[in-house]
Amino acid sequence: MRVLGLETSCDETGIALYDSKQGLLAHRVYSQIALHAEYGGVVPELASRDHVRKALPLIREVLHEAGLTLAELDGVAYTSGPGLVGALLVGACLGRSLAWALDLPAIGVHHMEGHLLAPMLEDNPPAFPFIALLVSGGHTQLVQVDGIGRYTLLGESLDDAAGEAFDKAAKMMGLPYPGGPALSALATLGDEKRFKFPRPMTDRPGLDFSFSGLKTRVRTTILECAVDGVLAEQDKADISACFQAAVVDTLAIKCKRAMQQTGINRLIIAGGVGANKRLREKLRTTAEALGGAVFYPRPELCTDNGAMIAYAGTQRLLAGEHSDLAVSVVPRWPM
Ligand code: KG4
Ligand code: ZN
């Protein structure tokens, strides 16, 4: 089965072609980062309009790269939530309409299911069951994955998502948007032992997270260090290093706890924060210490992309599911 995947839930237009026998045939991601940078965050209306502009040309590009025509597709998958409602509607309307015009089945996919299953696109995919750490700008969740569609939420953030905390901490230090990559780059120049940042909620049982306190800690540390309201570059680097180490340690402690509680020692990392090198290294040693292994999608499949939606949609279409003609999206949609 050959499926076209469309991801338009936030600020990336992701388009991909997935074949259930041959794997990923082609994919393209157009990031709107430059469009939103001057506002310091995603402007929903601008995001929708840009998806409208980019989606069809990108579909033509992936078809061209795969040497296929629309007539050779067997299904269409699109992200139907969670996300920005206007942005979701662009992909959903386009995907559903294309499928109708081509007389193909269509399926709306949960964005986080896409992230969860992204490691399945790689050459050595993990066997079920595995533990998934989903860390993006909107989510921080630990999920037990027993198979396609068989997900148990083990824990999640009670306030800010890890990526959101990275972005907000970066913004407080005046780093460019999006803050996560900028902060982690700066952290490589800093001393992660200079300030004592907490590892929130690690001293009590359970698998939930809280990152808003760390953000407050960044704010108070900035106030302590700033001279006449100006923060020296080394202070920024040190705060970045201490903040990153605190987030990474906290995530690693909870991943270890989840693996120990479930007896499952395969760990997969998904979502944009999964691109963080320090986190990758720490989780690798954590999983290996438990005799297990950690699986990552390649960085471009960690952040939002159409390939993960095409993959998840293919599995659902193969299982006989499909969405009806009335296009619906679910901006807030628990997994
Ligand atoms: O999954 P994603 O592309 O979008 C959604 O939120 O769904 O994740 C984006 C998030 C942003 O918060 C971004 O700052 C963060 O991932 N991120 C990083 C890194 N690269 C992206 N955070 C920390 N370190 C990174 N290297
Ligand atoms: Zn995402």
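Rule-based calculations on the coordinates, nothing more; no lab input. These numbers were taken from a predicted model, which means no experiment stands behind them. No Cβ is skipped: glycine too gets one built from the backbone with ideal geometry, and neighbour counts run over all protein chains shown.
Annotations for the structure displayed:
- Equivalent ellipsoid of the stretch 68-162: semi-axes from √(5λ) of the C-alpha gyration tensor, largest first, are 28, 18, 10 Å.
- Whether the stretch 109-172 is rounded, prolate or oblate, judged on the alpha carbon gyration tensor where a/c under 1.5 counts as rounded: prolate
- Per residue, the convex hull volume that the Cα atoms of the stretch 1-138 enclose (Å³): 115 Å³
- Equivalent ellipsoid, the stretch 146-261 (semi-axes from 5 times Cα gyration tensor eigenvalues, Å): 29, 14, 12
- Mean separation of Cα contacts under 8 Å (6+ apart) over length of the stretch 11-167, as relative contact order %: 14 percent
- The stretch 1-70 gives an Rg/Rh value of 1.06, both radii derived from C-alpha positions and Rh following Kirkwood.
- Size descriptor, Kirkwood hydrodynamic radius, that averages inverse alpha-carbon separations across the stretch 200-332, Å: 18.1 Å
- Charge sum, other residues only, whose C-beta stays under 11 Å from residue 323's C-beta, Lys/Arg counted +1 and Asp/Glu -1: 0
- Pair residue 56, residue 216: separation of 7 Å Cα→Cβ label points (nm): 5.1 nm
- Point-to-point label distance, residue 153-residue 298, nm (Cα→Cβ direction, 7 Å offset): 3.3 nm
- Taking the stretch 90-107 and a reference point 7 angstrom along Cα→Cβ of residue 20, the backbone N atoms nearer than 17 Å belong to 104-107.
- Within the shell defined by Cβ-Cβ distances under 14 Å, the residues around residue 160 carry a net charge of 0, with Lys and Arg each +1 and Asp and Glu each -1.
- Near residue 61: Cβ cut-off under 11 Å, other residues only, Lys/Arg at +1 and Asp/Glu at -1. The net charge is +2.
- Computed from the Cβ-Cβ distance with R0 of 56 Å, the FRET efficiency linking residue 333 to residue 227 stands at 0.75.
- In plain terms, the bigger the Kirkwood radius, the slower the diffusion; for the chain, with that radius from Cα pairs, at 25 °C and 0.890 mPa s, Stokes-Einstein puts D at 120 µm²/s.
- Angle between the chain longest axis and helix 44-66 axis [Cα atoms, degrees, rounded to 10]: 60 degrees
- 18 Å Cα-Cα reach of residue 196 towards lysines, excluding residues that sit fewer than 8 places from it in its own chain: 215, 236
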